[in-house]
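Participant: Below you'll find the structure I mean.
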Amino acid sequence: MRNLFVRECGNYKTSYKKDMKLFGTKSEIIKWLILLIILLTLPLYASNYWVGLLTLCAISAIGAIGLNILTGFTGQISIGVGAFLGVGGYTTAILTTTYGLSFWISLPLAGIVTALVGGLFGIPSLRLKGLYLAIATLAAQVIITFIISRWDRVTGGTAGMVLSRPVIGNYVLTSNASYYYLTIIILMLTVLYSVNLLRTRVGRAFLAVRDRDIAAQIMGINLFYYKVLAFIISSFFVGIAGALLAHYTMIVSPELYNIQVSIQYLAMVLIGGLGSILGSILGAIFITLLPVGLTSVVDLLTAYMPDLYQLFSAFKEFVFGLAIILFLIFEPGGLAHIWQNIKNYFRVWPFSY
Amino acid sequence: GQDSASPSTSSDSSGSDGKRTVVVGGLYDITGGTGDVGTPYAEGEKAYFEYLEMKGGVEGLNLKLIGKDYAYQIPEAQKLYQELRDKEKAVAILGWGTGDTEALRQQVASDQLPFISASYSENLKNIKESPYNFLTAASYSDQGRAILKWIVENHEGDNPPTLALLYNDTAFGRSPIEDIKAYAKEVGVEVVDEQVIDVQATEAQSQLLNMEKKNPDYAIIQQTWGATSTILRDAKTLGIDTQFIGLNWAAGEGIIDIVGADVAEGYMGILSHAFPYEDMPGMAEIKEYLDAKGKTIDDINQKFVQGWVAAKIMVEAIKIAAEKYPDGDLTGPQIREGLESIQNLDLGGLAANVSFAPDNHAGTEKIRLGIVKNGKWEPITDYFSHND
Amino acid sequence: MLRVNNLEAVYQKMILALRGISLHVKEGQIVALLGSNGAGKSTTLKAISGLLAAEDGHITDGTIEFQGEIINNTSPDQLVKKGIFLCMEGRRIFKDLTVEENLYAGAYTRKDRSAIKKDIEKIYGYFPKLKMLEHRKAGYLSGGEQQMLAIGRGLMAKPKLLLLDEPSLGIAPLLVKEIFDNIKKINEEEGLTILVVEQNANIALSIADYGYIIENGRVVMKGEAAALLEDKTISEHYLGTGKGLKKGGIYRRRQRIVW
Amino acid sequence: MFLLQMLINGIVVGSIYGLVALGFVLIYRASGALNLANGEFVLFGPYICLVIMTSLNVPFLAAFIGTLIFSAVLGLVVERLVIRQLQNAPTISVIMATLGLSSLLAGAVHIIWGHSTRTFPPVFPQTPLNLGGIIVTPVYLWSFIIVVILLIVFSIFFKFSKIGLAMRAVADDRQAALSMGMSVKFVLAVTWMIAAMVAGIGGILLGNINGVNPTMSAIGLTVLPVVILGGLDSVIGAIIGGFLIGIIQNLAGGYLDPLVGGGLKDVVPFIVVLLILMLKPHGLFGSRGIERV
Amino acid sequence: MGPILEIENVSLHFGGVKALDQVSFSINEGEIFSLIGPNGAGKTSMLNCISGLYQPTSGSIRYKGKDITDMKPYERTALGIARAFQNIALFAHMSVLDNIKLGRHTLMKSGVFSGGIYVGKASKEEIEHREKVEEVIEFLELQDIRHKPVGTLPYGLQKRVEVGRALALNPELILLDEPMAGMNGAEKERMSQFILDMHEVMKTTVVLIEHDLGVVMSLSHHIAVLDFGKRIGFGTPKEVRENPDVIKAYIGEDTVIEGGKTW
Ligand SMILES: Nc1ncnc2c1ncn2[C@@H]1O[C@H](COP(=O)(O)OP(=O)(O)OP(=O)(O)O)[C@@H](O)[C@H]1O
Ligand SMILES: Nc1ncnc2c1ncn2[C@@H]1O[C@H](COP(=O)(O)OP(=O)(O)OP(=O)(O)O)[C@@H](O)[C@H]1O
Ligand SMILES: [Mg+2]
Ligand SMILES: [Mg+2]
């Protein structure tokens, strides 16, 4: 298991407590503090546009962590994340718009409702495995979006619903920066929670279920319980991400949650690194920003050859696919692994060969 | 942080030549699900801006169109919209589909960026909910109403006319359905059947067989080319003699190309915009542009014209705004004012003339009806609306 | 026939598993390769049969020569065609294939299709149990039955050099004896050359002509099988006399305090 | 009559599903992976066929064979450049790579052929056949015939050829297969070639129905319920699954749609599949994964 | 001491195959009990029935007087039944430490909330159990490799880790399926010592499947012999060794049985 924070080097630990600390050494604590400060001060020097993009990255990262708990840690591939995002989004939309609830109440409720729906669609995991289960989650995708688009009275049907930004006291989080803070804080909580969960009893059970379910059973692990639990926890975070996204874009509609979205999330965890929290974050950033980067390239090229715009747009798709393939070929461990290598390189840097 | 709600451009956007820069953002679908019509539409928009430049541009302005392909993926559209707004500093947007236009509706309202898209959803007419959206052609609902009016006026036979509705399960597909049903009731046309047919459908036999049971005289199709072709072909296969009439995206040259002249013969549709081969005064500009590019009207189609018209209306508004506010950077609200003061803008027959007002963002309710004859669309009416 | 010179191999670019092994197997011989857990026995066999790459392993130094030809970089399927066949550790039968199909898979590179059927019957002769299970999916077989199948599959290939990795693993004692008798018989009758890795040193040395003992990726001892069987240090280490530990028919518990 | 027409419709439409599903099954059998680029493989067929027909001015049959050859090459190239590089990677990486591949191939199609819909000159007779009141379009009838032929060919192939055995062995345990002297590379290459060819055939038939346009690749995802209904590793399952889903869709369309206001045609297959999987977790014909301890 | 496990007329059929056929025996608390027999006799199947992976076609299994025939595997684990497998079933990507910690799953409590919050309850628990795990590691002499992923360990060590994982459960009944397969004489002796320690120090009841008769004879208090799913012998090592049916089916007429030397 690749762990975000555990650094396996030869330092001598005097007690188990120290051996199991998240931030072992002083220098590690300082490093994380610096990162924290950078994240929190970012809106002060980054442009509005970048703050907006990073907000999207953070939201995706929350969802990707959720999916990774299911797919990376428990080994159950899901192609239904898109729909679960939708459940989160619609729950908060209905609660805040129709029932006038505060965002701060509806956000956790969105997570909980999605968790329940996720748990429901996790029931087939009792009997299904691998790709069969994956396609069963695709069924969840199709069925949920169908229900959303047909339940007109509640969901507004295909036209969708309009939401507003959250309010604290009298302050509305309209600006990109304020919303950025909201999402980044929730992302941090998510990371902290999942890292802790995964290094304790439940997390180990997840890994056991993934690697060898029969042996796991003999270790006293109730397979069905943990499989569904993984669906529930995973969906909770996906639901939170969906709710955050909905209030960010201020609209929900069935078309927002199509299968392409599901596949993108799957790409995030795979490119980032299965079973790695850090990987989920890096993957979310990569998949969110790669098209942006490619768009810039297309723009640049178009400036010189405006007539070829169409061609370049198609090229974007081509390169996107190519990037994913090259990634898998040259770094099958995902972004998290690359990160590890870079870190290793610098740790021994002056003495590396 | 900064105030993201302000769409105002940065203070020194006027170039060294003293011209004020005005950036219009474009959201295109080129590689996505509607790329077949999205591409010529995007070309039309770009062509109009190029044409303007060719003719010396707009006095005192440095007009730019910066467009991006979102492949009909709405999350991508949201990202690109942010990019246009924050990075490119766009002050107005030329959009595309119903899904993304709806998804951005709230956002453009809070960002105060006027938004013209190729989606003619009736929702967008609601000024309170969509204060920055503008429709440059008759809404899908108005198109449907116009068809109903035509049916009532032209129906032959003793029984009152019966109607079926064929659409897909998307915001686009469902947009006009309720309005059409309401209006049908009003004018005494009986809606006997509705069928949902997927956008990607390669066969629709079960739906058509079900429809056949009700034997409607007419069927209105709200689809894109692919599904429309499927419907027409399967109807022919099953020997159904209902008169099919498509709304504007279900009409156009593509249908004939796909199903062949034979099957398409007799199919009717809304012609919201002119075909390049029609002899319209408005075509002169397009021809001029094409000549300069070494192209002919055979290289373009109706969707190109549609894009061209949308761009033209937006530029018209910018011109008015620029005249009214000669100083400082142009802002979204100013362009909205410009749009709202457009009165009976003559589009030379390329489309129905448009007018907007602060309480009316629907440029027109007028359409033409056409029919496929000998493998070609021919208009059978002039521009008219159900209110005429 | 097979000559391994100073072979070094690593896994994952960093775990050094072989540190200069040299072996020599003469045509028609049975050679036993002994050593404790993790000594590098399986790695040696994998290196010879070209299967290291599949586990992210590489030969970093040394050569492997088969019938006078260096085969370091030959692909596994080529090696099988040349006549080297490995019965892998851990059985590795094809779970979803039936017993019979597994045997056919063993004969994959053979050209004499007509003789295959006959040979399958011959395998059933060696392992009557397999005949009973002919059409069962191999994944459902018991551990020992799978081991029989794995050996049978190896024989189906009709190689010139058969590499066996712990053939007695999980096999009942009577059958172990039978299997080794059969191996010896095949060796004598058909001249098949065999390199066998075994934990059961007694039985391996009893049929072998020559033996190597490796520890920590190095050959620490070699010699005629008979001589090795007599060697004292060997019997203490690898054969397990059990004598010193016995006390009244039951092993003496280690003298140390636990919990 | 209505019921009969629905059933027949289901079968003929389902035959195309079966054909596309077959592509999935082949790849799954040899590598345990889901080829998410199958839809794009389908897409390439008709474009190539059209190019050959129009640029070389040859009859359809020649173009058809040319397309098969091209598809085989495409499959080979994909295997060489992508799949082979991932030989030792986990299955999920291979699946992800096929996802990348789908984007790459779709991009390529856009670059080469643009976005507009292209149509075949009439190849199959256009007039519908009237079989005693049941109306069938000739294209569909042809696809039905082709599917049945392929079914027979593949059944024989898997039963009696060495490659068929090797394919299953490779999917089961790659290292062990290597040790049998099976060339994993060769097996994978052949599989991808055949899968691409099958997809190409499916694409040409589809293209003859409604023209070719990049959105056609969506069929790749549409047939996923078919694949698991039949069982991921079963050839016959793919085809029967195709028929069944075709029939289910048409019956749902015919009888349930009017009750709920339509749109069930695309949802019902998933619901049915979900229910059936709860009873038969490996589809109707799929083999059960063996887990012994 | 009375029986801890009672097997009564257990049969297990797979289609036409009778893997077990009316097998009965009982195991006394605190003893070392061996199950032997030719390949495919049904030994592993019997363990699978005891640990709940297979459901007997007929018959019943009682553990400490309680009928557990219909219990789920994880419920039996909670009762104190642990198991090491014939074909190694470790979690290859996890470290030795985590593998063994997993063995303590049923003894730990932290859940979705406390685990995620970590500080407080969960961390205290982790540390507490870490100490227990270290004891097992020390017992089986696995100190040097505790942080290594088990997938890269040689076969023999993996077998030992598996035993460790089962031991971590603090089991009252431990089922060992050929724990010494693939070990040489010296290593077998070591494993035998571990088993003796389990029995004598921890007072665990041990059920052992093993083909090395030398080991079996010298370790076990009672032995059951299976052949073709049927019980063909039962009793003390001496009784079994002299049972003609057993000799015919399994031991062989002229076999010398001695520690580690069976042929
Ligand atoms: N796939 C692998 N990845 C990393 N290290 C490995 C791998 N396989 C083996 N090793 C290491 O290489 C060394 C030699 O292992 P090998 O399997 O050759 O031993 P062996 O002599 O066959 O032992 P055994 O008797 O237990 O089978 C061991 O230290 C082992 O940890
Ligand atoms: N799930 C199953 N399906 C079909 N047959 C099975 C299954 N499990 C076991 N068998 C059959 O039951 C018989 C007994 O198998 P089991 O694994 O119990 O043998 P064993 O005594 O452990 O043998 P070994 O010493 O070789 O491990 C074998 O013939 C095996 O093929
Ligand atoms: Mg070994
Ligand atoms: Mg067994």
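The values are calculated or read from the model by the stated rules, or taken from the named source; none is laboratory data. Predicted model, so just to flag it, every value in this text is computed and none were measured. Ideal geometry is used to build each Cβ from the backbone, glycine not excepted, and the neighbour counts take in all protein chains shown.
Participant: Among the residues that make up the stretch E:23-30, is at least one of them small (G, A, S) and over 16 Å from the mean Cα position of the chain (by Cα)? Steps first, please.
Facilitator: The initial filter retains those residues of the stretch E:23-30 that are small (G, A, S), namely E:24, E:26, E:30.
The next check asks that each one be over 16 Å from the mean Cα position of the chain (by Cα); those that pass are E:24.
Yes, because at least one residue in the stretch E:23-30 is small (G, A, S) and over 16 Å from the mean Cα position of the chain (by Cα).
Participant: Report whether or not A:T200 is under 26 Å from A:T249 (Cα atoms) and at pLDDT below 95. Even if it seems obvious, please write down each step before you answer.
Facilitator: Working: under 26 Å from A:T249 (Cα atoms): no; at pLDDT below 95: yes.
In short, no.
Participant: Give the residue that is farthest from the other protein chains (Cβ to nearest Cβ), with candidates limited to residues of the stretch C:40-55 that are of a type in the set (A, V, I, L, M, F, W, C) and in a helix (DSSP H, G or I).
Facilitator: Among those that are of a type in the set (A, V, I, L, M, F, W, C) and in a helix (DSSP H, G or I), it is C:A47.
Participant: Is there a residue in the stretch D:212-234 that is within 30 Å of C:L103 (Cα to Cα), within 14 Å of chain C (Cβ to nearest Cβ), charged (D, E, K, R) and not in a helix (DSSP H, G or I)?
Facilitator: Checking the stretch D:212-234: at least one residue is within 30 Å of C:L103 (Cα to Cα), within 14 Å of chain C (Cβ to nearest Cβ), charged (D, E, K, R) and not in a helix (DSSP H, G or I).
Participant: Continuing with this model, one more query. Take the stretch D:151-208 and flag every residue that is assigned to a helix (DSSP H, G or I), touching a Lys or Arg at 6+ places or on another chain (Cβ under 8 Å) and free of Cβ contacts under 8 Å to residues at least 24 places away in the same chain.
Facilitator: D:D172, D:Q175, D:A176, D:S179
Participant: Show the residue pairs that are 6+ apart or on different chains and have beta-carbon atoms under 9 Å apart, the first residue being within the stretch E:172-184 and facing chain C (nearest Cβ under 9 Å), the second being of a type in the set (K, R) and within 12 Å of ligand 2 (Cβ to nearest atom).
Facilitator: E:D177/E:K43; E:E178/E:K43
Participant: A further question follows. Can you name every one of the strands (runs of 3 or more DSSP E) wholly within the stretch E:1-84 that holds 2 or more residues which are away from chain C (no Cβ under 14 Å) and within 16 Å of ligand 2 (Cβ to nearest atom)?
Facilitator: Once the strands (runs of 3 or more DSSP E) in the stretch E:1-84 are filtered for at least 2 residues that are away from chain C (no Cβ under 14 Å) and within 16 Å of ligand 2 (Cβ to nearest atom), what remains is E:3-14, E:17-28, E:58-63.
Participant: Considering the stretch E:137-168 alone, what residues qualify as being within 11 Å of chain C (Cβ to nearest Cβ) and within 16 Å of ligand 3 (Cβ to nearest atom)?
Facilitator: E:G151, E:T152, E:L153, E:P154, E:Y155, E:G156, E:L157, E:Q158, E:K159, E:R160, listed by residue number.
Listed here are the residues, each with its yes/no results for (1) under 19 Å from the mean Cα position of the chain (by Cα); (2) at pLDDT 95 or above.
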{"position": "B:D111", "(1), (2)": "no, no"}
{"position": "B:F115", "(1), (2)": "yes, yes"}
{"position": "B:S119", "(1), (2)": "yes, no"}
{"position": "B:N126", "(1), (2)": "yes, no"}
{"position": "B:E129", "(1), (2)": "no, no"}
{"position": "B:Q143", "(1), (2)": "yes, yes"}
{"position": "B:H155", "(1), (2)": "no, no"}
{"position": "B:D158", "(1), (2)": "no, no"}
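Participant: Going through the stretch E:157-184 one residue at a time, which ones are within 15 Å of E:V215 (Cβ to Cβ), within 13 Å of ligand 1 (Cβ to nearest atom) and of a type outside the set (S, T, N, Q)?
Facilitator: Restricting attention to the stretch E:157-184, the residues satisfying the condition of being within 15 Å of E:V215 (Cβ to Cβ) are E:159, E:163, E:176-184.
Remaining after also requiring within 13 Å of ligand 1 (Cβ to nearest atom): E:159, E:180-184.
Passing the criteria: E:K159, E:M180, E:A181, E:G182, E:M183.
Participant: Now for a different question. If a residue has to be touching a residue at least 60 places away in the same chain (Cβ under 8 Å) and touching a Phe, Trp or Tyr at 6+ places or on another chain (Cβ under 6 Å) to count, how many in the stretch C:30-76 make the cut?
Facilitator: 3
Participant: For C:M132, indicate whether it is away from ligand 3 (no atom under 16 Å from the Cβ), within 10 Å of chain E (Cβ to nearest Cβ) and surrounded by fewer than 19 Cβ atoms within 10 Å (Cβ to Cβ).
Facilitator: yes
Participant: So which of E:P154, E:P149 ends up being without any contact (Cβ under 8 Å) to a residue 24 or more places away in the chain and either within 29 Å of C:L18 (Cα to Cα) or of a type in the set (K, R) (or both)?
Facilitator: Testing whether each residue is without any contact (Cβ under 8 Å) to a residue 24 or more places away in the chain and either within 29 Å of C:L18 (Cα to Cα) or of a type in the set (K, R) (or both) leaves just E:P154.
Participant: At least 1 residues that are away from every other protein chain (no Cβ under 12 Å) and within 25 Å of B:I255 (Cβ to Cβ) in each: list the helices (runs of 4 or more DSSP H) lying fully within the stretch D:29-116 that qualify.
Facilitator: D:38-56, D:60-78
Participant: Within the stretch E:177-184, identify whether any single residue is more than 23 Å from the chain's Cα centre (by Cα) and either more than 30 Å from C:S168 (Cβ to Cβ) or within 16 Å of ligand 4 (Cβ to nearest atom) (or both), and answer yes or no. First the steps, then the outcome.
Facilitator: Step one: filter the stretch E:177-184 for residues more than 23 Å from the chain's Cα centre (by Cα), giving none.
No: the stretch E:177-184 contains no residue that is more than 23 Å from the chain's Cα centre (by Cα) and either more than 30 Å from C:S168 (Cβ to Cβ) or within 16 Å of ligand 4 (Cβ to nearest atom) (or both).
Participant: Select from the stretch D:236-251 the residues that are more than 10 Å from chain B (Cβ to nearest Cβ) and either buried (at least 24 other Cβ atoms within 10 Å of the Cβ) or free of Cβ contacts under 8 Å to residues at least 24 places away in the same chain (or both) and list them in ascending order. Step through it out loud before you land on a result.
Facilitator: Going residue by residue through the stretch D:236-251, those that are more than 10 Å from chain B (Cβ to nearest Cβ) are D:236-245, D:247-248.
Hits for the stretch D:236-251 are D:G237, D:A238, D:I239, D:G241, D:G242, D:L244, D:I245.
Participant: Looking only at the stretch C:197-231, which residues are within 14 Å of chain E (Cβ to nearest Cβ), over 25 Å from C:A9 (Cβ atoms) and in contact with a strand residue (DSSP E or B) (Cβ under 8 Å, 6 or more places away or on another chain)?
Facilitator: C:N202, C:L205, C:I207, C:D231
Participant: Among the numbered criteria (1) facing another protein chain (nearest Cβ under 8 Å); (2) within 16 Å of C:A150 (Cβ to Cβ); (3) of a type in the set (D, E, K, R), which one does C:E100 miss?
Facilitator: Condition not satisfied by C:E100: (1).
Participant: Considering each of B:S141, B:S206, B:S110 in turn, give the residue that is among the hydroxyl-bearing types (S, T, Y), part of a helix (DSSP H, G or I) and within 14 Å of chain D (Cβ to nearest Cβ).
Facilitator: Testing whether each residue is among the hydroxyl-bearing types (S, T, Y), part of a helix (DSSP H, G or I) and within 14 Å of chain D (Cβ to nearest Cβ) leaves just B:S206.
Participant: Within the group D:G289, D:G254, D:G261, which residue is more than 20 Å from the chain's Cα centre (by Cα), at the interface with another protein chain (Cβ under 8 Å from one of its Cβ atoms), touching a residue at least 40 places away in the same chain (Cβ under 8 Å) and surrounded by fewer than 24 Cβ atoms within 10 Å (Cβ to Cβ)?
Facilitator: Numbers: D:G289 fails: touching a residue at least 40 places away in the same chain (Cβ under 8 Å); D:G261 fails: touching a residue at least 40 places away in the same chain (Cβ under 8 Å).
Unique residue meeting the criteria: D:G254.
Participant: For the stretch E:94-131, name all the residues that are closer than 18 Å to E:T204 by Cα, surrounded by 19 or more Cβ atoms within 10 Å (Cβ to Cβ) and more than 8 Å from chain A (Cβ to nearest Cβ).
Facilitator: Across the stretch E:94-131, the qualifying residues are E:I100, E:R104.
Participant: Right, next: Among the residues of the stretch C:150-165 satisfying the criterion of being away from every other protein chain (no Cβ under 11 Å) and part of a helix (DSSP H, G or I), which is nearest to ligand 3 (Cβ to nearest atom)?
Facilitator: Looking at residues that are away from every other protein chain (no Cβ under 11 Å) and part of a helix (DSSP H, G or I), I get C:I151.
Participant: Under 21 Å from A:L53 (Cβ atoms) and within 13 Å of chain E (Cβ to nearest Cβ) - does that describe any residue in the stretch A:249-267?
Facilitator: Scanning the stretch A:249-267 turns up no residue that is under 21 Å from A:L53 (Cβ atoms) and within 13 Å of chain E (Cβ to nearest Cβ).
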